[in-house]
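The values are calculated or read from the model by the stated rules, or taken from the named source; none is laboratory data. Treat the numbers as computed from the prediction; the structure is a model and nothing was measured. Glycine gets a Cβ as well: all are built from the backbone with ideal geometry, and neighbour counts include every protein chain shown. Remember, those area values only see protein heavy atoms, side chains included, never the ligands or the DNA or RNA. Shrake-Rupley method; radii C 1.70, N 1.55, O 1.52, S 1.80 Å.
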Amino acid sequence: MLSLRMELPCWCLLLLSCLQSLSAHNDFFTSTGQMTDLLYTEKDLVTSLKDYIRAEENKLERVKRWADKLDTLSAAATQDPEGFLGHPVNAFKLMKRLNTEWGDLESLVLSDTTDGFISNLTIQRQYFPTDEDQTGAAKALLRLQDTYRLDANTISTGALPGVKHKSQMTVEDCYELGKIAYSDVDYYHTELWMAQALKQLEEGEESSIDKVTVLDYLSYAIYQQGEIERALVHTKKLLELDPEHQRAKGNLKYFEFQLEKQRKAAEEEKTKDEGVAVKKEKKTKKAKKNISNHVIPERKKYEMLCRGEGIKLTPRRQSRLFCRYYDNNHNPKYVLSPVRQQDEWDRPYIVRYLDIISDQEMEKIKQLAKPRLRRATVHDPQTGKLTTAQYRVSKSAWLTGYEDPMIDKINQRIEDLTGLEMDTAEELQVANYGVGGQYEPHFDFGRKDEPDAFKELGTGNRIATWLFYMSDVAAGGATVFPDVGAAVWPQKGTAVFWYNLFPSGEGDYSTRHAACPVLVGNKWVSNKWIHERGQEWRRPCGLSESD
């Protein structure tokens with residue numbers, strides 16, 4: 001008699017540790033550290049899926065053996081039905097098969113082997129990334145494309161600098177990126193990614209997305225950018241593939257009408273007197289002169305520095321930067337074993353401390369911070385409250401000296417090396433950057449138009465910033481200062497330090513800085529914002545504004 005019992009191992013218990021760490025979080029795309037949990041979740045799902053497949057294969061194998069046995073038996077029986085049933089055992093077994101065993105077989109075929117897998121999937125789905133995560137990751141790719149001037153094919157083929165695990169994008173992936181850009185009324189990126197999807201289709205890649213669909217988006221995106229002639233070319237290609245496409249037929253007529261209208265306008269322009277042309281030429285020369293004197297926008301300087309381009313120190317200024325063994329005026333802890341310190345920039349003065357935090361300390365900080373990581377916030381000058389922002393894509397957590405003796409030890413190290421009081425400083429902030437993680441240009445200190453920026457702390461303005469780099473970054477992720485052209489690159493185990501305020505207490509506006517998008521790799525940093533209170537005797541006030 002066929003056994004109906006089908007068992008699947010339950011993987012729920014194995015997933016509890018992952019699910020507990022995921023349950024309190026969202027915005028996965030903003031933290032690479034937390035996205036690693038999703039990889040383990042997916043791995044367990046695959047294991048569960050394979051168990052389901054094995055159970056299905058086992059069930060089908062049993063059904064197949066039953067069918068083969070009955071096929072042989074019935075073939076022999078139907079050769080001489082009466083003679084076959086003349087044997088009383090054969091007659092009994094026929095009754096038994098039809099009355100009992102075929103019913104058992106029916107139950108076997110109808111038995112549900114999906115229970116274990118489906119319940120597993122249902123439990124985990126509540127911790128899956130959301131549409132917001134998918135859109136956020138897509139926009140991060142577009143941001144990386146712009147910042148690092150990458151063409152769509154480079155990203156699609158996975159040929160990024162410093163990659164260890166090369167991954168290629170399918171037509172569906174490119175199409176999805178194009179659609180997200182389209183939904184954001186970003187026709188520039190819509191064109192780039194629909195064109196890439198079309199390229200891969202024309203190269204023979206199999207896909208559920210057809211050329212007609214891609215060309216429909218592509219032609220419209222090109223038209224929206226004012227290139228009607230190119231839009232017309234793609235519309236004609238679409239109609240060659242689908243002559244009855246109603247929207248394309250309408251667009252064809254409209255584009256042809258607009259091009260004819262432009263042609264007539266151009267002819268009328270030619271008939272104007274030459275004097276207008278001369279005036280126009282003078283005006284153009286004047287405009288070009290003005291453009292040549294135009295200051296480079298901050299956004300462009302920021303992106304140039306992220307790419308390793310832009311302002312470089314003159315040889316004279318470079319010659320004034322040194323490296324040294326540093327003990328901060330014979331601090332007892334560092335007299336016999338001074339730390340290595342090197343100048344990164346002169347104005348503002350930025351220094352880097354080498355091998356200033358151990359691997360064990362960095363791992364401990366990550367371990368303590370990871371369960372608490374939340375989407376990083378910024379101070380909204382309008383409301384005075386903390387809020388998330390698209391220009392800061394990371395997750396952060398705050399660690400206090402009371403939670404672990406090691407944090408207290410690190411705080412004391414910062415105090416010993418800077419000579420500044422840590423009792424009034426903010427807690428150690430740990431940040432992990434996600435896909436294209438960045439923090440666009442900003443000041444760490446409160447400006448004059450933000451008098452209440454740190455009022456609730458009661459410790460004055462942020463006098464200085466200390467920043468630990470707790471990971472190397474394969475590509476991207478620099479800390480840049482657009483106003484002065486400085487770029488400081490992540491180096492695991494080091495820390496950089498600079499003053500945000502002059503000794504007079506006035507803000508140093510040259511310290512405006514940014515964290516470049518992470519192109520490849522995982523960026524972990526931790527920082528200490530040091531405040532004015534308690535520094536009165538440690539860093540006396542200057543007599544002039546810029547002192």
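Matching residues to (1) within 31 Å of the chain's Cα centre (by Cα); (2) surrounded by fewer than 15 Cβ atoms within 10 Å (Cβ to Cβ); (3) under 26 Å from Arg263 (Cβ atoms):
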residue: Thr213; (1), (2), (3): yes, no, no
residue: Tyr217; (1), (2), (3): yes, no, no
residue: Ala221; (1), (2), (3): yes, no, yes
residue: Leu239; (1), (2), (3): no, no, yes
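Tell me whether the stretch 446-462 contains one or more residues that are touching a Ser or Thr at 6+ places or on another chain (Cβ under 7 Å) and hydrophobic (A, V, I, L, M, F, W, C).
So in the stretch 446-462, the residues touching a Ser or Thr at 6+ places or on another chain (Cβ under 7 Å) come out as 459.
With hydrophobic (A, V, I, L, M, F, W, C) added as a condition, the list becomes none.
So far as the stretch 446-462 goes, no, none of its residues is touching a Ser or Thr at 6+ places or on another chain (Cβ under 7 Å) and hydrophobic (A, V, I, L, M, F, W, C).
Go through the stretch 223-232 and give me each residue that's in a helix (DSSP H, G or I), open to solvent by less than 80 Å² (accessible area, probe 1.4 Å) and not polar (S, T, N, Q).
Passing the criteria: Tyr223, Ile228, Ala231, Leu232.
Do we find that Glu244 is more than 12 Å from Val171 (Cβ to Cβ), acidic (Asp, Glu) and assigned to a loop (DSSP other than H, G, I, E, B) in this structure? Steps first, please.
Values: more than 12 Å from Val171 (Cβ to Cβ): yes; acidic (Asp, Glu): yes; assigned to a loop (DSSP other than H, G, I, E, B): yes.
Yes.
I'm told Gln200 meets every condition in (1) surrounded by fewer than 16 Cβ atoms within 10 Å (Cβ to Cβ); (2) closer than 25 Å to Thr147 by Cα except one. Can you identify the failing condition by its number?
So the condition that Gln200 fails would be (1).
Search the stretch 307-321 for residues that are within 12 Å of Arg347 (Cβ to Cβ) and aliphatic (A, V, I, L, M) and pair each with any residue that is open to solvent by 50 Å² or more (accessible area, probe 1.4 Å) and assigned to a helix (DSSP H, G or I) when their beta-carbon atoms are under 7 Å apart and the residues are at least 6 apart or on different chains.
Pairs that qualify, where the first residue is within 12 Å of Arg347 (Cβ to Cβ) and aliphatic (A, V, I, L, M) and the partner is open to solvent by 50 Å² or more (accessible area, probe 1.4 Å) and assigned to a helix (DSSP H, G or I): there are none.
If you check every pair at least six apart or on different chains, which have Cβ atoms under 7 Å apart with a residue in the stretch 111-138 that is open to solvent by 80 Å² or more (accessible area, probe 1.4 Å) first and a residue that is assigned to a helix (DSSP H, G or I) and modelled with pLDDT of 85 or more second?
Listed by first residue and then by second, the contacts come to nothing, as the list is empty.
How many residues does the stretch 109-132 hold that are under 28 Å from Ile53 (Cβ atoms) and either of a type outside the set (A, V, I, L, M, F, W, C) or in a loop (DSSP other than H, G, I, E, B) (or both)? Please lay out each step first, then the result.
Taking the stretch 109-132 first, the residues under 28 Å from Ile53 (Cβ atoms) are 109-129.
Of the ones still in play, those that are also either of a type outside the set (A, V, I, L, M, F, W, C) or in a loop (DSSP other than H, G, I, E, B) (or both) are 111-116, 119-120, 122, 124-129.
Counting residues in the stretch 109-132 that are under 28 Å from Ile53 (Cβ atoms) and either of a type outside the set (A, V, I, L, M, F, W, C) or in a loop (DSSP other than H, G, I, E, B) (or both) gives 15.
For the condition open to solvent by 20 Å² or more (accessible area, probe 1.4 Å) and modelled with pLDDT under 90, what is the one hit in Arg413, Arg375? Before the answer, list the steps.
Values: Arg413 fails: modelled with pLDDT under 90.
One residue alone meets the criteria, Arg375.
I'm checking my understanding of the structure. Among residues of the stretch 24-78 that are at pLDDT below 90 and outside any helix (DSSP H, G or I), which one is most open to solvent (accessible area, probe 1.4 Å)?
Ranking the qualifying residues of the stretch 24-78, first place goes to Asn26.
Those residues that are of a type outside the set (Lys, Arg), outside any loop (DSSP other than H, G, I, E, B) and within 35 Å of the chain's Cα centre (by Cα), I need them from the stretch 300-317; list them, please.
Taking the stretch 300-317 and keeping what is of a type outside the set (Lys, Arg), we get 302-306, 308-311, 313-315.
Subset that is outside any loop (DSSP other than H, G, I, E, B): 302-306, 315.
If the condition is that a residue be of a type outside the set (Lys, Arg), outside any loop (DSSP other than H, G, I, E, B) and within 35 Å of the chain's Cα centre (by Cα), then Tyr302, Glu303, Met304, Leu305, Cys306 are the ones that fit.
Condition test on Leu98, is it in contact with a Gly (Cβ under 8 Å, 6 or more places away or on another chain), part of a helix (DSSP H, G or I) and not basic (Lys, Arg)?
Numbers: in contact with a Gly (Cβ under 8 Å, 6 or more places away or on another chain): no; part of a helix (DSSP H, G or I): yes; not basic (Lys, Arg): yes.
Against the criterion (in contact with a Gly (Cβ under 8 Å, 6 or more places away or on another chain), part of a helix (DSSP H, G or I) and not basic (Lys, Arg)), Leu98 does not qualify.
For the stretch 426-460, how many residues are more than 26 Å from Ala487 (Cβ to Cβ) and touching a Lys or Arg at 6+ places or on another chain (Cβ under 6 Å)?
If we filter the stretch 426-460 for residues that are more than 26 Å from Ala487 (Cβ to Cβ), which is where we start, we get 427, 448-460.
Filter once more, so that each one left must be touching a Lys or Arg at 6+ places or on another chain (Cβ under 6 Å): 459-460.
Count: 2.
Go through Pro490, Pro503, Pro451 for me and flag whichever is part of a loop (DSSP other than H, G, I, E, B) and crowded, with 18+ Cβ neighbours inside 10 Å. So that I can check it myself, show each step before the final result.
Numbers: Pro503 fails: crowded, with 18+ Cβ neighbours inside 10 Å; Pro451 fails: crowded, with 18+ Cβ neighbours inside 10 Å.
Pro490 is the lone residue from the list that is part of a loop (DSSP other than H, G, I, E, B) and crowded, with 18+ Cβ neighbours inside 10 Å.
Any idea which residue in the stretch 511-524 is farthest from the chain's Cα centre (by Cα), counting only those that are open to solvent by 30 Å² or more (accessible area, probe 1.4 Å) and on the phi < 0 side of the Ramachandran plot? Break it down into steps so the answer makes sense when it comes.
Applying the first criterion (open to solvent by 30 Å² or more (accessible area, probe 1.4 Å)) to the stretch 511-524 yields 512, 521-522.
So of that shortlist, the ones also on the phi < 0 side of the Ramachandran plot come out as 512, 522.
Working: Arg512: 24, Asn522: 10 Å.
The qualifying residue farthest from the chain's Cα centre (by Cα) is Arg512.
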